[in-house]
Amino acid sequence: MLAWHLSGTLVFGMREEFHRVIAIDGPAASGKSSVARGLARQLGFVYVNSGAIYRAVTWHILQKKIHPDETERIAAVLQVADITCRLQDNESRILIDDVDPGEHVRDDSVNENVARVSQFPAVRQIVSKKLHEQAQSHDLAVEGRDIGSVVFPDTPYKFYIDASPEVRLQRRMAQGGRDEIAVRDRVDSSRAVSPLVIAKDAHVIDTSSLTIDEVISQIIARLAHLGLAIAS
Ligand code: CDP
């Protein structure tokens, strides 16, 4: 792994230094996960699904029988929660108080509440901190909603993956999901803090009629154009 640092953010006046970060943002079921995971494998980067961290936090809050609108209780619970990101097969997995929520992150209750919980600044701060910590020691391919716009604004490697609403719905149903993705998209795009936006320097790819491999090839071509040294 190359250890040069291309981007950073200021925290309490100190500059945080990061390894290389590829930001892959986009709406629900746009194909981000498959693309980011495949890309990370090809490049030898660590794959991070930031949505899975928001989902795990939501699951934890629901387990504690806290309503997703109880901001103060949520902040208090998260203050004492031990949130750890662990590497497994070059993918980041989240543990909360030593518990891996596993497939529970796709529970209906999590689907229904994750966009609400993700609106709270205290939650976003914690997740951003976890992502920054990982970028301090690894090259990352991170998927999410605000990765290029807010979490790693200085990375030159930003992609926005989209697809038509019909195609996205079909993809989610093909995964067996019963998720109301249109509702989540609306909440994600309209929230006050870190809404889903296309970062101004992001490369936009409409994946409606592309295969995963075709999207990955487009991204790799763009990365090469941007000067990212790609090991073969
Ligand atoms: O897999 P899918 O695209 O449906 O969603 P996800 O990536 O698992 O993200 C679940 C939810 O987490 C989103 O609908 C957002 O509310 C939130 N999220 C976020 O706010 N910021 C991120 N960087 C990633 C996810």
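The values are calculated or read from the model by the stated rules, or taken from the named source; none is laboratory data. Note that the structure is predicted; figures quoted are calculated from it, not measured. As a convention, Cβ positions derive from the backbone with ideal geometry for all residues, glycine included, and neighbour counts pool all protein chains shown. Quick note on the areas: whole protein, heavy atoms, side chains included, nothing else; ligands and nucleic acids left out. Shrake-Rupley method; radii C 1.70, N 1.55, O 1.52, S 1.80 Å.
When DSSP beta bridges are limited to those with both residues in the chain, what percentage is antiparallel, rounded to the nearest 5?
Antiparallel bridges make up about 40 percent of those DSSP assigns within the chain.
If you average the sequence gap of Cα pairs under 8 Å that are 6 or more apart and divide by the length of the chain, what percent do you get for the contact order? It would help to have the intermediate numbers written out before the result.
Working: 371 pairs, mean separation 72.5, N = 232.
Once divided by the residue count of the chain, the mean separation gives 31 percent.
Report Rg (one decimal) and Dmax (nearest whole number) for segment 94-193, counting Cα atoms only, units Å.
14.9, 39
Over segment 137-232, what number does the Rg to Rh ratio reach, with both radii from the alpha-carbon atoms and Rh per Kirkwood? Please report the intermediate quantities before stating the final value.
On the way: Rg = 14.8 Å, Rh = 15.1 Å.
Result for segment 137-232 is an Rg/Rh of 0.99.
Consider all pairwise Cα distances in segment 1-158 and report the whole-number % of them above 24 Å. Could the numbers behind the result be given before it?
Working: 3867 of 12403 pairs.
Cα-Cα pairs in segment 1-158 separated by more than 24 Å: 31 percent.
Rounded to the nearest 20 debye, what is the charge dipole size of the chain about its Cα centre when +1 sits on each Lys and Arg Cβ and -1 on each Asp and Glu Cβ?
Numbers: 27 positive and 31 negative charges, 36 e Å.
Dipole about the Cα centre, nearest 20: 180 debye.
What helices does the chain hold that run 30 Å or longer along their axis, going by alpha-carbon atoms, with a Kyte-Doolittle average of 0.5 or more, using DSSP H for the helix calls?
Working: long enough: none.
Going by DSSP H runs, there are no hits.
Would you work out the charge dipole size for segment 129-176 about its Cα centre, treating the Cβ of every Lys and Arg as +1 and the Cβ of every Asp and Glu as -1, and quote it to the nearest 20 debye?
Values: 7 positive and 7 negative charges, 43 e Å.
It works out to roughly 200 debye.
Round to a whole number: what % of the accessible area of segment 89-232 belongs to carbon and sulfur, probe 1.4 Å? Can you show the working numbers first?
Values: 3780 of 7290 Å².
The computed percentage sits at 52.
With the dipole of segment 83-174 worked out from charges on the C-beta (+1 for Lys and Arg, -1 for Asp and Glu) around the Cα centre, which of Tyr157, Leu140, Ile83 lies farthest toward the positive end?
Most positive-ward Cα: Tyr157.
How much accessible area does Ile216 have with a 1.4 Å probe, in Å² rounded to the nearest 10?
10 Å²
For segment 131-186, taking Cα atoms only, what is the radius of gyration to one decimal and the Dmax to the nearest whole Å?
Both quantities, over Cα of segment 131-186: 14.5, 39 Å.
Apply the Kirkwood formula to segment 98-143: the hydrodynamic radius equals the inverse of the mean of 1/r over all pairs of different alpha-carbon atoms; give it in Å with one decimal.
On the way: mean 1/r = 0.0801 Å⁻¹.
The answer is 12.5 Å.
Can you tell which of Glu91, Glu166, Glu17 shows the greatest fluctuation in a Gaussian network model of the chain with Cα springs below 10 Å?
Glu166
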